[in-house]
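A.B. asks: Below is the structure I would like to discuss, written out as structure tokens.
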């Protein structure tokens, strides 16, 4: 797994993370969220990268940041077909 090292001035690091919070997490979240917004990674990849156990956790994370899940009419059609096959 790749590792990245950043030198961030103290004045800026305090603006990027809450006191006592590991600065790495907000940076990873920001980079991952931007990759998701740009459709470079999927929701499943975002969930894995951020270590969320469930889709609900990811949905809450995205909702808190005003990011909507990519879901279009084709996704709806696939979900409806799956429900029909399963008898739901």
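A.B. asks: If I filter the range 24-39 down to residues being in contact (Cβ under 8 Å) with a residue 24 or more places away in the chain, assigned to a helix (DSSP H, G or I) and out of contact with any helix residue (DSSP H, G or I) (no Cβ under 7 Å at 6 or more places or on another chain), which single residue comes out as nearest to residue 71 (Cα to Cα)?
C.D. replies: By that ranking, first place goes to 37.
A.B. asks: Moving to a separate point now. May I ask you to verify whether residue 7 is outside any helix (DSSP H, G or I), loosely packed, with under 12 Cβ neighbours inside 10 Å and at pLDDT below 90?
C.D. replies: Yes, satisfied.
A.B. asks: Okay, next question. Could you list, in sequence order, all residues of the range 40-67 that are over 21 Å from residue 2 (Cα atoms), touching a helix residue (DSSP H, G or I) at 6+ places or on another chain (Cβ under 7 Å) and assigned to a loop (DSSP other than H, G, I, E, B)?
C.D. replies: Those that are over 21 Å from residue 2 (Cα atoms), touching a helix residue (DSSP H, G or I) at 6+ places or on another chain (Cβ under 7 Å) and assigned to a loop (DSSP other than H, G, I, E, B): 65, 67.
A.B. asks: Right, something else. How many residues, within the range 40-83, are at positive phi and in contact (Cβ under 8 Å) with a residue 24 or more places away in the chain?
C.D. replies: 0
A.B. asks: Sticking with this structure for a sec: Given (1) in a helix (DSSP H, G or I); (2) touching a helix residue (DSSP H, G or I) at 6+ places or on another chain (Cβ under 6 Å), where does residue 83 come up short, assuming only one miss?
C.D. replies: (2)
The values are calculated or read from the model by the stated rules, or taken from the named source; none is laboratory data. Just so we're clear, the structure is a prediction, and the values are computed from it rather than from any experiment. Here the Cβ is made from the backbone with ideal geometry for all residues, glycine too, and neighbour counts use every protein chain on show.
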